[in-house]
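Derivation of every value follows stated rules applied to the coordinates shown; laboratory data play no part. Everything numeric here is computed off the predicted structure, so don't read it as measured data. Neighbour counts are summed over all protein chains in view; Cβ atoms, including those assigned to glycine, are modelled from backbone coordinates with ideal geometry.
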Amino acid sequence: MRKFYLFLFVFTAFITVAKSQSPDLFNYQAYIQDGEGNAIPNTEISLLIEIITEQVNGEIIYSESHSIETDINSMISLHVGAGENPSGQFSMIDWNGYKTFIKTSIDLEGGTNYELIGINQMVSVPYALNAKKANTLQTPTILIGNGQDESVLTIKNNNYSRFASYSASNNSDQNAPFVGYKSRGTLSSPTNIQAEDRITGIYGYAYGNGNYFGNAAVELIAGEQSGSNGLSSYIKFGTTNIGSNQRQERMRIAENGNIGIGTENPQYKLDVSGEINATDIFIEGTSIQSMIQSNTDLGNKIEITGNGQDIDLITLKNENYSRVASYSISDNAEQNAPFVGYKARGSINTPANIQAEDRITGIYGYAYGNGNYCGNAAVELIAGEQSGSNGMSSYIKFGTTNIGSIQRQERMRIAENGNIGIGTENPQYKLDVSGGINATDILIEGTSIQSMIQSNTDLGNKIEITGNGQDIDLITLKNENYSRVASYSISDNAEQNAPFVGYKARGSINTPANIQAEDRITGIYGYAYGNGNYFGNAAVELIAGEQSGSNGMSSYIKFGTTNIGSIQRQERMRIAENGNVGIGTSTPKSKLQVTDGDIYIENASKGVIMTSPNGNCWRMTVNDTGNPVFTSINCPQ
């Protein structure tokens, strides 16, 4: 009989523990040699894994096969419990009820002529045994759920409760400190998500009257036709009003990239149910006054991109809840932030400077559909131009997946200079929109747009966002019903109670270097499941702007979604470095710029409010014949 050598036999149980305190599956790693003791790198082999009870020649209660290729070092690594041709139920094995042995056979030709390598007794999985002993907790504390808990991971500390993530990767979402995967069914048998399923999000809980109450939130949600027919997604933003403890939706970035403020069904690039107050409005660099006089065409431009492959360094699995809770009473800077992403190039031990367009960190949502998790909505913090040794600029990119799509597209960005772009990756104004804006009214520095047109008021120029990446997930939360990360705080100073903070550098973690323009500082990225995989879709990205690093720290935010029928995220809006917001343009030249789209005012009694040179306010509307009507009103306070 031929002899085979198998060394470095390693089992590593996943952190996830089911109710029976047994692992869902475990890692198997081995070093393979042939009968002469020679390594066999890059060779396709076959393994037969069998689980035996009580004794080496006992009953075979489970078996599976694996076809796998050795790496350049003649090593293999696989998951027992996830093989092919399974016989028996791996999840029903009572690991603590009786002795278990693992029998390994091999075919070096990659076929099914298996020859026995050996039989080894298995020991109990440490995580399952230790999970029973967590009876006494002290501060600071980390709590891990058991399948029934609302929070799978809870962090409690009196001063700081932030979660720090260090990374030297810049490929897709790999350095995102938080990624949410969502499916229906169960973890072991996931099924497709459905429309309106919450993929992931950021939820704030404030303490008052003896309890914590939910208030502000950013939710990444599966859109229509999500699952087998597509992986669309949208992002919903909510706050609680003064005197209320009920959260209400305030803004959403829809599947097609339209942004709605005060409406859940935006029909335009920016659809506002209420008044807009700005110093002025430019359409592709032209004052709205001259556009009205000359009937200037607007255009239609918005795009976002993003997709990744996950490598989850930490995975939390729980049937009901998988959120990470952070308790803190600190109010100093980012000390109580439950999540912080550190980014460098190079390696962890020898970090190097980041470069422009490096993704610093982000929040990514993964929705389950068609047998896999696919990325959808996301918020990404990205290094801007000249980031690293020359600067530390950054921008934020927001992305979603459209109806019928599995690819996340950028919908909005906040650029290095503060410009915000919707539908554009290069906002030239404070709000630069490549598409239509729908609002009940628009004010420029408190003045109705009517009087501004009459008095030729000057506008300004300020907004931008960008991002894309490949994900390596340092922490993964998995739970059948919930996967949120909860942050508790009583701080109100700067970003101290922010549940997520992303640090970004070039170089490596230990030797960070200046970021450069277009480096992604951090963000929120969603992955939705469909057609057997997770695909990136919606995202919000924080990106370094021009002259970032030693010469400056400009940044912008980019918002992205994937359109219906698309798997590529497109930028929809950005907030540029100078504060301009662009919709349909990545270079907004004014506080709000809409490119290739309309601004729609549905209510005929509402219009554009402008302040005349004498300080009086006028509302401009239209009558049934389309002629402008000017009405004197009290100026907004």
The extension gain from residue 116 to residue 55, computed as 0.36 nm times the residue separation minus the Cα-Cα distance, is 20.3 nm
Within the set of other residues whose C-beta is less than 10 Å from the C-beta of residue 509, count the net charge using Lys and Arg as +1 and Asp and Glu as -1.
+2
Would you please give the residues with an amide H less than 5 Å from that of residue 240, counting only those at least 5 places away or on a separate chain, with H modeled from the backbone geometry?
216, 248
Can you pull the one-decimal nm distance between simple spin-label points at residue 98 and residue 630, each 7 Å off the Cα toward Cβ?
9.2
Using amide H atoms built 1.01 Å from N in the peptide plane, name the residues 5+ places from residue 348, or on other chains, whose amide H lies under 5 Å from its own.
509
Summing Lys, Arg as +1 and Asp, Glu as -1, what charge do residues with Cβ under 11 Å from the Cβ of residue 44 carry, residue 44 excluded?
-3
Using a Förster distance of 25 angstrom, determine the FRET efficiency expected from the C-beta separation of residue 242 and residue 209, and round it to 0.05.
0.95
If Lys and Arg each add +1 and Asp and Glu each add -1, what is the summed charge of the other residues whose beta carbon sits under 11 Å from the beta carbon of residue 32?
-3
Name the long-range amide H neighbours of residue 99: under 5 Å, sequence gap of 5 or more, or other chain; modelled H, no Pro or chain starts.
54
Which of 182/591; 99/182; 182/343; 182/589; 236/589; 103/343 have a Cα-Cα distance over 32 Å?
182/591; 99/182; 182/589; 103/343
P(r), alpha carbons of the stretch 494-634 - 5 Å bins starting at zero, rounded %
2, 8, 11, 13, 14, 13, 11, 10, 8, 5, 3, 2, 1, 0
For the stretch 594-609, in order, what is each residue's ³J(HN,Hα) by Karplus, 6.51 cos²θ - 1.76 cosθ + 1.60 with θ = phi - 60°, in whole Hz (x at glycine and Pro)?
10, 10, 6, x, 10, 9, 10, 10, 6, 7, 5, 7, 9, x, 10, 9
Sites residue 216 and residue 267, calculated FRET efficiency, Cβ-Cβ separation with R0 22 Å, nearest 0.05:
0.25
Residue by residue through the stretch 555-567, the couplings from Karplus 6.51 cos²θ - 1.76 cosθ + 1.60 with θ = phi - 60°, in Hz, x for Gly and Pro, are 7, 9, 10, 10, 10, x, 9, 9, 7, 4, x, 10, 10
What's the extension gain from residue 277 to residue 40 if we count 0.36 nm per residue and subtract their Cα-Cα distance?
78.4 nm
I need the peptides 340-349, 111-120 ranked by packing, meaning the mean over residues of other C-beta atoms within 10 angstrom, with the highest value on top.
340-349, 111-120
